[in-house]
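One structure is given here, and the rest of the page talks about it.
The values are calculated or read from the model by the stated rules, or taken from the named source; none is laboratory data. For clarity, every value in this text was computed on a predicted model and none was experimentally measured. Cβ atoms come from the backbone with ideal geometry, glycine included; neighbour counts cover every protein chain shown. Just so you know, the surface numbers come from the protein's heavy atoms only, side chains and all, with ligands and any DNA or RNA stripped out. Shrake-Rupley method; radii C 1.70, N 1.55, O 1.52, S 1.80 Å.
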Amino acid sequence: MSSETNLIIGGDGFVGANLRRYFTDRKIPFTAITRADGDLRDRDTVLRLFEKAPKVARIFHLVTFQRTGQIQYDMQATLFDTNLRIHTNVLEAWARHQPQAKLISTGSSCTYPERDDPMDESLFGIGPLHDSVRAYGLAKMALARGSEVYGAQYGLKWLHCVLATLYGPGDHMAADRSHFFGGMAVRAVQEQRAGKAEFTVWGSPETVREALYVDDQIEAILAADARFENMVLNCAANQPVTIGQSAGAIVKALGWNAKIVYPGGTFSGTSRKMLDSSKFLTATGWKPRIGLDEGLRLLAQDLKDRV
């Protein structure tokens, strides 16, 4: 990446905070907008922040309002309204005050229909979404299509990267906010500290996800930025993993000789969620550096300091 300045929207969120650390460690210049700078649901606030920011080469739009688990079903309207307002405000501020910048936004596999096979970009936004993430997914789809129409009307460059399920240091720890793998790891640390002999895992051991350590995901986004523009692009590793495999890796990382149990009636979400990132992988040659065992070891170390 060149020495051009970058703007990180959501610099205190999970991905945003890790991107700030990543850029700082590599002396890549950036400025960040965080919660302390104002309410991004308010258009005037977002316009003001974009106007006063230095002119940048890239905008990393990483803001999202998300909840996980059963609570999602009870707040679909809130999730839709909050995220849609934030996304449309960012799109308008980009066009008005930072049109020279390429907007790089992040999406979720929840924007794809439920399917057993890996999903390539031709399936984006086609078919029904899982009920638990319907509102969140619709807002993410609006962000991607909004980038497309703003880009077409105003001659702007953009890229919407659909991400894997992320984990790593700094993830939210609350049960209704943590990502899938982070939530599992938090419960493991808590149960181990409580002296329990069993590790409680939600859902089924056969549930399939694609997990990426957050630094790997950041590098995937940067690799995609170097080769692609003006499209929706899956940015993952084509390396699915079952929840059972992940749970085993977590207890191994903790050095905990626990029995893994899967009680009935817990939230599980869709049974299979796999992206087909062949377009991205073929063009970039990118590969993740941090395997599941090492990534979960790093996450467990982080959680032991925070839980």
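Can you give the local net charge around Phe181? Use residues other than it whose beta-carbon is closer than 10 angstrom to its beta-carbon, Lys and Arg +1, Asp and Glu -1.
Neighbourhood net charge equals 0.
Please work out how much length the chain gains when fully extended from Ser204 to Asp131, using 0.36 nm per residue of separation minus the C-alpha to C-alpha distance, in nm with one decimal.
That works out to 24.5 nm of additional length.
Given springs between every Cα pair under 10 Å in a Gaussian network model of the chain, which of Ile86, Ile33, Ile126 has the largest fluctuation?
Ile126
Using Cα-Cα distances under 8 Å and only pairs 6 or more residues apart, what relative contact order does region 144-293 have, in percent?
It rounds to 31 percent for region 144-293.
Tell me, what is the percent relative contact order of the chain, built from C-alpha pairs under 8 Å that lie six or more residues apart?
Working: 596 pairs, mean separation 56.8, N = 307.
Contact order relative to length: 18 percent.
Where nothing but the Cβ of Lys and Arg (+1) and of Asp and Glu (-1) is charged, how large is the charge dipole of region 89-196 around its Cα centre, in debye to the nearest 20? Walk me through the numbers before you get to the answer.
Details: 11 positive and 11 negative charges, 84 e Å.
About 400 debye.
5 Å is the cut-off here: which amide hydrogens, built 1.01 Å from N in the peptide plane, fall below it relative to Val162, excluding neighbours closer than 5 in sequence?
For Val162, whose amide H was placed from the backbone, the distant partners under 5 Å are Gly107, Leu233, Asn234, Cys235.
With the full set of protein chains in place, find how many percent of the accessible area of region 112-268 is carbon and sulfur; take the probe as 1.4 Å.
It is 50 percent, rounded to a whole number.
What Cys residues in the chain are without a partner cysteine, judged by a Cβ distance under 4.7 Å?
Cys110
Give, as a single signed number, the net charge of other residues whose beta carbon lies under 13 Å from the beta carbon of Asp25, with Lys and Arg counted +1 and Asp and Glu -1.
Neighbour charge sum, excluding Asp25 itself: +2.
Which angle from 0 to 90°, rounded to the nearest 10, does the C-alpha axis of helix 134-154 make with the longest principal axis of the chain?
It is inclined by approximately 20 degrees.
Could you give me the ³J(HN,Hα) list for region 206-213, computed from phi with Karplus coefficients 6.51, -1.76, 1.60 and θ = phi - 60°, whole Hz, x at Gly and Pro?
8, 4, 10, 9, 10, 9, 9, 5
Where does each of Glu51, Glu210, Glu198 land when they are ordered by accessible area, with a 1.4 Å probe and the largest first? Show your work: numbers first, answer last.
Numbers: Glu51 120, Glu210 10, Glu198 85 Å².
Result, largest first: Glu51, Glu198, Glu210.
I'd like the Karplus ³J(HN,Hα) series for region 94-100: coefficients 6.51, -1.76, 1.60, θ = phi - 60°, whole numbers in Hz, and an x wherever there's a Gly or Pro.
Values, residue by residue: 4, 5, 7, 10, 9, x, 6 Hz.
Taking the chain as a Gaussian network, Cα atoms linked when under 10 Å apart, which of Pro128, Pro169, Pro113 shows the biggest mean-square fluctuation?
Pro128
With labels modelled as points extended 7 Å from the Cα through the Cβ direction, what inter-label distance (nm, one decimal) is found for Lys304 paired with Arg35?
2.8 nm
With a 10 Å cut-off between alpha carbons and a GNM built on the chain, which of Leu143, Leu123, Leu159 moves the most?
Comparing Leu143, Leu123, Leu159 in a Gaussian network model of the chain, the most mobile one is Leu123.
Can you give me the solvent accessible area of His97 with a 1.4 Å probe, rounded to the nearest 10 Å²?
Rounded to the nearest 10, that gives 40 Å².
Between Thr282 and Thr78, what is the label-point separation in nm under the 7 Å Cα-to-beta-carbon projection?
4.4 nm
Compute the length gained on full extension between Gln100 and Arg43: take 0.36 nm times their separation in residues and subtract their Cα-Cα distance, giving the result in nm to one decimal.
Answer, rounded to one decimal: 18.5 nm.
For the chain, what number of Lys pairs, 8 or more residues apart or on separate chains, have alpha-carbon atoms under 14 Å from each other?
Pairs that pass both the separation and distance tests number 4.
Go through Phe30, Phe181 and list them by solvent-accessible area, largest first, probe radius 1.4 Å.
Order by accessible area, largest first: Phe30, Phe181.
Give the long-range amide H neighbours of Asp42: residues separated by 5 or more places, or on another chain, with amide H under 5 Å away, using H modelled in the peptide plane at 1.01 Å from N.
none
With volume of the Cα convex hull per residue in Å³ as the read-out, I listed [x] 115; [y] 126; [z] 159; which label goes with the value calculated from this structure?
This structure yields the entry labelled [y].
Of the beta bridges DSSP finds with both residues in the chain, what % are antiparallel, to the nearest 5?
Once the DSSP bridges in the chain are tallied, antiparallel ones form about 5 percent.
Quick one: which residues, 5+ away or cross-chain, put their amide H under 5 Å from the amide H of Asp120? H built at 1.01 Å from N.
So Asp120 has HN proximity to Asp276.
What full-extension length gain, to one decimal in nm, is calculated for Arg115 and Lys52 as 0.36 nm per residue of separation minus the Cα-Cα distance?
This chain segment gains 18.3 nm when fully extended.
State in Å² the accessible area per residue of region 102-167; use a 1.4 Å probe, count heavy atoms of protein chains only, and round to the nearest integer.
The answer is 38 Å² per residue.
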